[in-house]
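The values are calculated or read from the model by the stated rules, or taken from the named source; none is laboratory data. For clarity, every value in this text was computed on a predicted model and none was experimentally measured. Using ideal geometry, Cβ is built from the backbone for each residue, glycine included, and neighbour counts are taken over all protein chains shown. To get the accessible areas, we keep the full protein, side chains included, count just its heavy atoms, and leave off ligands, DNA and RNA. Shrake-Rupley method; radii C 1.70, N 1.55, O 1.52, S 1.80 Å.
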Amino acid sequence: MAVKKDYKDQNLAEKLRDRKYYAPDSNPEFLKEVENIGQTAAHMCYQCGTCTGSCPSAPRSSYRIRLFMRKAVLGLEEECLTDPDLWLCTTCYSCTDRCPRDLAPTDAIMAMRNLAFKRDIVPRNFLQTVQLIYKSGHGVPNNDANRAARKKLGLEEEPETTHKYPEYLPGIRKILDHYRLKENADRILAEGE
Amino acid sequence: MSGNNHQYAFFLGCIAPNRYPGIEAAAIRTSKNVGIDLLPLKGASCCPAPGAFGSIDLNVWYAMAARNVVLAEQMGMDIALVCNGCYKSIWEVNHKLKHNDELRDGVNEVLKEIDMEFKGTVDVWHLAELYYDPEIVGVKKIADSITRPLTGAKIAVHYGCHLMKPGKERHFGDTENPMWIEELVAALGAEPVQYRNKMQCCGAGGGVRGYDLAHALDITNEKMINMQDVGVDAVTEVCPFCQLQFDRGQIEIKEKFGAEYGIPVLHYNELLGLAQGMSPDELALDLHAIDVEPFLKKIL
Ligand code: SF4
Ligand code: SF4
């Protein structure tokens, strides 16, 4: 004889019967966006924790990649995007290589960072790199000590990049301007002053 | 016989030409000695930094990297490079655009504004994989090019992350305990040594070095401990950004945590240069933060 499983607490029984139950502050669209930008089926995560166990950032911080995966599935957009730990992933891809569900937790994090940036949430150093590239084409530009060293090596003082051929810079700026990246970087950095 | 050499457009990136120019000089000379000509890729930019740009907006990262690839397409030449971070941007974006029409169309829409088009006609290679590939160079030819074997030097290999990982999207096989760079090191007459957690990240990537230096250095410190434990004379890598993190990082670790290792950090091309008889001056080894002298004493 089949026994009907249920809970004595009627409210709880109701909630748990509804398999589509979400916390009030959850946004199911968030999961879709993460999966779409990150190109990974985050909802397949079965929370084994292999990712966190492989993560070089986990033992030295409160950053837990498994937790981010779960929160993405639960649509906890606000919690994910405003958590400073989001920026502690070194993108080493160890989790991605070892995930038994063949997911790419690293790319889920990259997707969440992209979504955070759309809301102006981004650490300053990321924006400073944008400014440097806009100016010189390089995230790590040349300097005088290095020019002297290059000369001693028999290399030209400026490498064969945008440094030696600044006529390529307008094209680079056009690409960045297309996405309004420099403008946004300047604005967000100024607002944070 | 330069006429029979393999030719590649040399994508420099940022840190090699602008912080460790010895890597650039060594790459050109050592490659020539094993039959590879590296030609200037004029007007290339930052790859751009996959951690910083990818985190902000993947679409900008695709477009900016694609522009660099198109410069090589215009030369009609495959790209060779010396940095894992550059490999992530240039190899991966090239690969993605070749296999994803939607993505390629989106990128070309933007490139049209600067009269460029991604066609998907070239491939991208890390110099280290070309050295290992018997059809291009191969370990034997590397060994044959040596005039000053690095006998007696114990060397730890740091593979870094973005050359081989994620393994399922790359073509390097095992990413848990690869040994091919050790073979390249052994070809120089040195002794590659194994150490705990060899495949761990240097700590710098993903924008973490700029975001939380102490956190990045703590990861680096763990690697330094593991290398020191097995008594290495130097660590070698194939990524100038990892090199910066280990080299300057050891100074920063000393300042922040008080720990001192003094382990010289050499890009594989710098090692190869030494083994092919280049002098420390010709490699600008004086630019290294950690004194390379103890290592040189051992081998010269
Ligand atoms: S390793 Fe994969 S399946 Fe396991 S918790 Fe992490 S993301 Fe989920
Ligand atoms: S890619 Fe990021 S989340 Fe994954 S193991 Fe590395 S640091 Fe951790």
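How about the range A:155-175: which of its residues are facing chain B (nearest Cβ under 7 Å) and either in a loop (DSSP other than H, G, I, E, B) or within 30 Å of B:M278 (Cβ to Cβ) (or both)?
The answer is A:L155, A:P159, A:E160, A:T161, A:T162, A:Y165.
Considering only residues that are within 11 Å of ligand 2 (Cβ to nearest atom) and outside any helix (DSSP H, G or I), look in the range A:94-114 and name the one that is farthest from the chain's Cα centre (by Cα).
That would be A:C99.
May I ask you to verify whether A:T96 is free of Cβ contacts under 8 Å to residues at least 60 places away in the same chain and in contact with a Phe, Trp or Tyr (Cβ under 6 Å, 6 or more places away or on another chain)?
Here the answer is no, as A:T96 does not meet what is asked.
Just one of A:T40, A:T96, A:T82 is farther than 30 Å from B:P21 by Cβ, more than 9 Å from chain B (Cβ to nearest Cβ) and crowded, with 18+ Cβ neighbours inside 10 Å; which is it?
A:T40
Say whether the condition of being closer than 30 Å to B:L188 by Cα, within 14 Å of chain A (Cβ to nearest Cβ) and open to solvent by 10 Å² or more (accessible area, probe 1.4 Å) is met by at least one residue in the range B:62-79.
Yes, the conditions are met somewhere in the range B:62-79.
Here is a list of conditions, (1) within 12 Å of chain B (Cβ to nearest Cβ); (2) within 16 Å of ligand 2 (Cβ to nearest atom), and A:R64 meets all of them except one; can you say which number that is?
With (1) within 12 Å of chain B (Cβ to nearest Cβ); (2) within 16 Å of ligand 2 (Cβ to nearest atom) applied to A:R64, the lone miss is (1).
Would you confirm whether any residue within the range B:20-29 is within 16 Å of A:T129 (Cβ to Cβ) and buried (at least 24 other Cβ atoms within 10 Å of the Cβ)?
no
Quick one: what pairs do we get from the range A:43-58, first residue closer than 15 Å to B:P166 by Cβ and near ligand 1 (Cβ under 6 Å from one of its atoms), second open to solvent by 20 Å² or more (accessible area, probe 1.4 Å) and assigned to a loop (DSSP other than H, G, I, E, B), C-beta under 7 Å, 6+ apart or different chains?
A:T50/A:C99; A:T50/A:P100; A:C51/A:C99
State which residue is farthest from A:P28 (Cα to Cα) when the search covers only the range A:99-124 and only residues that are more than 10 Å from chain B (Cβ to nearest Cβ) and in contact (Cβ under 8 Å) with a residue 40 or more places away in the chain.
For the range A:99-124, the residue satisfying everything is A:P100.
What are the residue pairs meeting all of these: first residue in the range B:8-24, first residue free of Cβ contacts under 8 Å to residues at least 24 places away in the same chain and facing another protein chain (nearest Cβ under 7 Å), second residue polar (S, T, N, Q) and open to solvent by less than 10 Å² (accessible area, probe 1.4 Å), Cβ atoms under 8 Å, and 6 or more apart or on different chains?
The qualifying pairs are B:P17/A:T161; B:N18/A:N146.
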